[in-house]
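The values are calculated or read from the model by the stated rules, or taken from the named source; none is laboratory data. Source: prediction; values computed, not measured. Don't worry about glycine lacking a Cβ; one is built from the backbone with ideal geometry, like all the others, and counts go over all protein chains shown. To get the accessible areas, we keep the full protein, side chains included, count just its heavy atoms, and leave off ligands, DNA and RNA. Shrake-Rupley method; radii C 1.70, N 1.55, O 1.52, S 1.80 Å.
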Amino acid sequence: MNAAEILTSSEKFHIELGLKRISKIVELLNNPQKNLKIIHVAGSNGKGSTCAILEEILTKAGYKTGKFTSPHLFSYNERITINKQQISDFDFERLIKEINSLDKKFNIELTEFEILTAAGFLYFNEKACDIVILETGLGGRLDSTNVIENPLASIITSISLEHKERLGNTIEEISKEKAGIIKKGCPAVFLKKNKGYKTLYNEADKKEGIIFETEAIPVKGGYILINGEKIKFNLNGTHQGENLALALKAVEILNTKGFKIDQKTLKEALCTVQWKFRLEFINKKTLVDACHNPDGARVLTDFLNGNFKDKKIKFIFGCLKNKDYKEVLRYLKSVNAQKKICFYEFNYPNALKYNDLIKTENDIEKITNPLLEMNDKNFDLTVICGSIYMLGLIFKNFDRSALDEI
């Protein structure tokens with residue numbers, strides 16, 4: 001089997017939280033994670049954007065910057081990058097097969113994400129990264145990335161009610177799981193207005209963590225103000241001010257730990273940072289957003305109400321069946337515009353089926369090809385939104401130039 005076949009095999013392609021298996025495999029690999037300087041990021045929403053901002057800043061500052069994120073859009077290689085360059089097919093195949101061989105030999109029974117986590121640690125260590133940005137997969141306390149011991153900083157982004165079947169039924173329970181990445185005596189960064197603020201603070205305090213609170217930086221018209229200076233910021237949405245604040249607080253911490261990141265570098269990075277399919281215009285009339293949960297839908301709704309009020313909007317939506325799609329759709333229906341909501345039933349394990357959707361949402365029509373729907377002259381804007389897996393499938397065979405022509 002090749003690497004992708006190993007990862008998607010029935011014995012691997014599932015979620016099983018816990019640190020026992022990942023601890024065993026990294027020990028067999030001589031604990032590559034112990035040689036890395038790591039910024040650890042957990043949260044419900046905003047992890048990817050925060051990681052992207054940090055990656056852009058650190059790369060522009062001249063540091064060899066590893067980044068481990070999930071899920072991917074088009075290929076597994078996207079999850080493991082150095083200076084924004086994906087791991088090569090050769091290295092990916094080599095590392096996945098090496099880890100899988102050890103897994104079989106010692107009967108560890110690793111999951112897909114655990115294999116990927118170990119591969120990321122190995123790759124970043126082999127390439128002697130100066131720093132690694134490490135995003136959790138699910139939760140924090142029992143996430144396989146949490147095998148690390150002394151991060152340079154632990155960042156907790158926005159927390160919302162998600163994965164309740166695994167993390168808990170309340171914001172407090174979920175926040176406690178996320179706060180599991182905070183380590184004794186290490187810096188912990190989070191927003192004062194985070195829904196889980198009290199829990200995060202208490203958990204960091206218990207671990208004698210060095211607490212760094214911050215507040216969202218106002219984003220208006222694609223610009224922010226830092227020290228009185230107007231700076232171009234390339235990510236859409238006022239919510240990105242939260243992720244930016246977290247990233248900049250982490251930069252402050254890094255500058256006390258031997259890193260040198262100046263204002264000029266920050267300005268250049270904020271002008272060019274990108275995070276694919278998060279409030280991203282792929283052409284003049286098509287917006288793509290991976291709003292896979294209610295908090296993400298709220299952000300999308302706020303953006304549309306602020307920029308497309310009273311316009312005609314067509315939504316193309318699809319999601320996994322374990323998501324709170326009823327609440328996501330409630331937000332989309334609240335957008336202050338003339339609108340039509342369509343549903344795309346994409347081919348993916350655990351994807352929501354149209355026949356199940358219409359049991360409660362019988363005013364939504366089904367479509368079969370989202371790309372053909374993008375050129376509807378009856379609407380001012382088409383918004384393709386929902387599952388990141390869906391977006392990956394829709395746009396897999398289209399590059400930017402092709403999309404611009406649609």
- Query: Going down the list Lys67/Lys276; Lys193/Lys309; Lys193/Lys359; Lys326/Lys396; Lys34/Lys164; Lys47/Lys184, which pairs span over 25 Å between their C-alpha atoms?
  - Reply: Lys193/Lys309; Lys193/Lys359; Lys326/Lys396; Lys34/Lys164
- Query: Which log10 I(q)/I(0) values, to two decimals, does region 270-379 give at q = 0.12, 0.13 Å⁻¹ under the Debye formula with one point per Cα?
  - Reply: -0.42, -0.49
- Message: Show log10 I(q)/I(0) for region 10-73 at q = 0.19, 0.23, 0.28 Å⁻¹, two decimals, from a solvent-free Debye sum over equal Cα scatterers.
- Response: -1.02, -1.17, -1.22
- Note on the structure: On the accessible surface of the chain, probed at 1.4 Å with all protein chains in place, carbon and sulfur together account for a percent value of 46 percent
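Hey, what number do you get for the chain at 222 nm if only DSSP H runs of n ≥ 4 count, each worth -39500 (n - 2.57), divided across all residues, to the nearest 500?
-11000 deg cm²/dmol
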- Note on the structure: FRET efficiency for Gln338 and Glu27 from the Cβ-Cβ distance with R0 = 45 Å, rounded to 0.05, comes out at 0.15
- Probe 1.4 Å, protein heavy atoms only - accessible area per residue of region 312-383 in square angstrom: 52 Å²
- Query: What lysines could a cross-link reach from Lys104, if we take a straight Cα to Cα line under 18 Å and drop same-chain neighbours fewer than 8 places away?
  - Reply: Lys12, Lys20, Lys24
- Tell me, what is the 1.4 Å probe accessible area of Arg330, in Å² to the nearest 10? 120 Å²
- Largest first and to the nearest Å, give the Cα extent of region 108-223 along each principal axis. 39, 36, 34
- Message: Counting each pair of different Cα atoms once, what's the Kirkwood radius of the chain in Å, rounded to one decimal?
- Response: 21.9 Å
- Task: Using a 1.4 angstrom probe, figure out how much accessible area region 9-87 has per residue, in square angstrom, rounded to the nearest whole.
- Result: 38 Å²
- Starting from the Cα-Cα distance between Asp356 and Lys164, subtract it from 0.36 nm times their residue separation and give me the gain in nm to one decimal. 67.0 nm
- Message: Compute a Gaussian network model of the chain, connecting alpha carbons closer than 10 Å, and tell me which residue from Cys385, Cys342, Cys319 fluctuates the most.
- Response: Cys342
- Considering only DSSP beta bridges where both residues belong to the chain, give the percentage that are antiparallel (nearest 5). 30 percent
- Query: Among Thr157, Thr136, Thr301, whose mean-square fluctuation peaks in a Gaussian network model of the chain (Cα, cutoff 10 Å)?
  - Reply: Thr301
- Task: Go ahead and set up a Gaussian network model of the chain, Cα springs under 10 Å, then flag whichever of Lys323, Lys64, Lys105 fluctuates most.
- Result: Lys105
- Task: Starting from the Kirkwood radius over alpha-carbon pairs of region 125-177, derive D by Stokes-Einstein at 10 °C in a medium of 1.306 mPa s and give it in µm² s⁻¹.
- Result: 125 µm²/s
- Note on the structure: Shape descriptors of region 175-248 over alpha-carbon atoms, Rg and Dmax in angstrom, are 14.2, 41
- Cα centroids of region 240-301 and region 111-136: how far apart, whole angstrom? 22 Å
- Query: What shape does region 1-128 have by the C-alpha gyration tensor, where a ≥ b ≥ c are the square roots of the eigenvalues, rounded means a/c under 1.5, and otherwise prolate means a/b greater than b/c and oblate the rest?
  - Reply: prolate
- Message: Please report, in whole Å³, the volume per residue of the convex hull around the C-alpha atoms of region 145-204.
- Response: 77 Å³
